[in-house]
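Let me begin by presenting the structure, written as structure tokens, before commenting on it.
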Amino acid sequence: MEKIDILSLSLAELENILTEYGEKKFRAKQIFQWLHVKKVFDFDKMTDISAQLRERLNGIFCIKRLFMQKRLASCIDNTVKYLYRLPDENFVETVLMQYNYGYSICVSTQVGCKMGCKFCASAIAGFVRNLSPSEILMQIYETEKNSGMKVSGVVLMGIGEPLDNYDNVIKFLSLISDKNGNNFSLRHVSLSTCGIVPRIYQLAEMKSGLTLSVSLHCADNNGRSEIMPINKTYSIEKLLEACRYYIKTTGRRVTFEYAVIDNVNSSDGDADKLADLLRGMNCHVNLIPVNKVRERNYRTAKAGVSAFAERLGRRGINATVRRTLGSDIEAACGQLRRDAVEQSKNGGADF
Ligand code: SAH
């Protein structure tokens, strides 16, 4: 019998399994707290559990750790990028960033991505599989252990499309915020999506308090479809309708991500179109200098991201320029994993 991945279980699920095995219900809470509060990932170290039960736990459950394959620390700022190896030899990337208010962590939700955005390194390495709830969660727990830092913000902006792995992402959110466990407020979580419209409606109904970030990157349908294939399924109009619903239902402001790319979406006309599109919405625009991806020729607009921001500002749109963190350590998402995949194809990873 395959062992159960205990870190993907809710407290209620753990209670059910343990009581089926004839154990007392309160044991589940004890174990849940060892895992999610004390972050002890070895049943034999759970000292208030009898040796007999610990043996039983070892027989039924597994605790899936992530192995730190590579750690890259920026020399410019305190950004640290981790390449984690999963139990099945796949890789994911996690980035720890320091802001003046504390540490924020960027986690991956899939091994690879299906969405095929032209400017994104994750699309180049292709899609392999969804991450389980525990594989998303453990990026945080392992990184806290490895860095000695407590994370105060979580962004689902690493490799993968979170709303394409909806159920596992929702389970992850409920695990990380469980009052009996890690008790992390979802108000400090941002979820970034390329725009899977039906899932945005579903997420709105949860009223979880998280911030929705939408990767817009272009204000007209032809241009957006060219760089983001998802736009052929869900047009800008449908996407913005879903965003308006999200804002109305949750009372939360939506963030739009916009990488300013030379010759693609950076002209004055593009800024004006964007301003017209978003006028009157409770939103914020986050302008991103485009990260260089080796295989692609995209460049940040020469005229500058701040000129684009100012033009939006003059048209009443609240825009900020995202600080570039870890620019010396290949922080563009998907680049480390892609290199690891290529190296193992060429006869073994060399880290
Ligand atoms: N799939 C999700 C989350 C992962 S990508 C999404 O699309 O939002 C996280 C963010 O980085 C997105 O806004 C994405 O568009 C952006 N991004 C990807 N590659 C980039 C690059 N080379 N330069 C700048 N931003 C990039």
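The values are calculated or read from the model by the stated rules, or taken from the named source; none is laboratory data. The shown structure was predicted, so the numbers you read here are calculated from the model rather than taken from an experiment. We place every Cβ from the backbone using ideal geometry, glycine too, and count neighbours over all the protein chains shown. Just the protein is used for accessible areas: all its heavy atoms, side chains included, with ligands, DNA and RNA removed. Shrake-Rupley method; radii C 1.70, N 1.55, O 1.52, S 1.80 Å.
Whole Å is fine, so just give me how far the alpha carbon centre of region 289-315 lies from that of region 186-227.
Going from one Cα centre to the other spans 21 Å.
Would you mind listing how long region 213-280 runs along its three principal axes, going by Cα atoms, in whole Å with the largest first?
37, 25, 16
Could you give the radius of gyration (one decimal) and Dmax (whole number) of the Cα atoms in region 148-270, in Å?
Looking at region 148-270, its Cα Rg and Dmax stand at 15.6, 51 Å.
Project the alpha carbons of the chain onto their principal axes and report the range along each, largest first, in whole Å.
Extents along the principal axes, in whole Å: 70, 49, 38.
Order the peptides 245-253, 192-200 from the highest to the lowest mean number of other Cβ atoms within 10 Å of their residues. Spell out each step's value before the answer.
Numbers: 245-253: 15.4, 192-200: 21.0.
Taking the mean over residues of other Cβ atoms within 10 Å, the ranking is 192-200, 245-253.
First compute the accessible area of region 243-283 with a 1.4 Å probe, then give the percent of it belonging to carbon and sulfur atoms. Please report the intermediate quantities before stating the final value.
Values: 720 of 1740 Å².
Heavy-atom surface of region 243-283 belonging to carbon and sulfur, 1.4 Å probe: 42 percent.
Sum up the charges of everything whose Cβ sits under 13 Å from the Cβ of residue 160, counting Lys and Arg as +1 and Asp and Glu as -1, but leave residue 160 out. Mind dumping the intermediate values first?
Details: positive: 114, 129, 337; negative: 93, 135, 161, 164.
Its environment carries a net charge of -1.
For region 149-157, just list the computed ³J(HN,Hα) in residue order, Karplus coefficients 6.51, -1.76 and 1.60, θ = phi - 60°, integers in Hz, with x standing in for Gly and Pro.
9, 9, 7, 10, x, 10, 10, 8, 9
Hey, could you get me the Stokes-Einstein D for region 56-178, Kirkwood radius over alpha-carbon pairs, 20 °C and 1.002 mPa s, rounded to whole µm² s⁻¹?
Details: Rh = 15.0 Å.
Taking Rh from Cα pairs, D becomes 143 µm²/s.
Do any of 24/179; 29/114; 81/273; 171/238 go past 30 Å between their Cα atoms, and which?
Details: 24/179 21 Å; 29/114 38 Å; 81/273 36 Å; 171/238 27 Å.
Check vs 30 Å cut-off fails for 29/114; 81/273.
With +1 on each Lys and Arg Cβ and -1 on each Asp and Glu Cβ, and nothing else charged, work out how big the dipole of the chain is about its Cα centre, in Debye to the nearest 20. Walk me through the numbers before you get to the answer.
On the way: 48 positive and 39 negative charges, 130 e Å.
Around 620 debye, computed over the chain.
If you count, for each residue, the other Cβ atoms within 10 Å and average over each peptide, how do 80-91, 37-48 line up from highest to lowest?
Working: 80-91: 18.8, 37-48: 13.4.
Packing order, densest peptide first, comes out as 80-91, 37-48.
So what's the convex hull volume per residue for the Cα atoms of region 119-209, in Å³? Provide the component values of the computation, followed by the final result.
On the way: hull volume 10.4 nm³, N = 91.
In region 119-209, the Cα convex hull volume per residue is 115 Å³.
Per the Cauchy relation, a quarter of the hull surface: what is the mean projected area of the convex hull of the alpha carbons in region 41-99, in nm²? Walk me through the intermediate numbers first.
Working: hull surface 24.2 nm².
For region 41-99, the mean projected area of the Cα convex hull comes to 6.0 nm².
Mind checking the per residue accessible area of region 4-62 for me, 1.4 Å probe, whole number of Å²?
Working: 2990 Å² over 59 residues.
Ligands and nucleic acids excluded, the figure is 51 Å² per residue.
For residue 214, which sequence-distant residues (separation of 5 or more, or a different chain) have an amide H within less than 5 Å of its own amide H, given hydrogens modelled in the peptide plane?
Long-range HN contacts for residue 214: 193, 255, 256, 257.
Which angle from 0 to 90°, rounded to the nearest 10, does the C-alpha axis of helix 11-20 make with the longest principal axis of the chain?
Result, in degrees: 30.
What's the angle, to the nearest 10 degrees (0 to 90), between helix 133-147's Cα axis and the longest principal axis of the chain?
Between helix and principal axis, roughly 90 degrees.
Measure off, as a whole percent, the carbon and sulfur share of the 1.4 Å-probe accessible area of region 193-238, all protein chains present.
Working: 880 of 1770 Å².
Carbon and sulfur together cover 50 percent of it.
Placing one identical point scatterer on every Cα of region 4-62 and ignoring solvent, what is log10 I(q)/I(0) from the Debye formula at q = 0.25, 0.29 Å⁻¹?
Values, matching the q order: -1.12, -1.62.
Under 14 Å Cα-Cα from residue 232, which aspartates and glutamates qualify once same-chain neighbours fewer than 8 residues away are excluded?
220
Once both axes come from the Cα atoms, what is the angle between helix 26-36 and the longest principal axis of the chain, in degrees from 0 to 90, rounded to 10?
50
Counting only heavy atoms of the protein chains, get the accessible area per residue of region 67-345 (1.4 Å probe) and round it to a whole Å² value.
41
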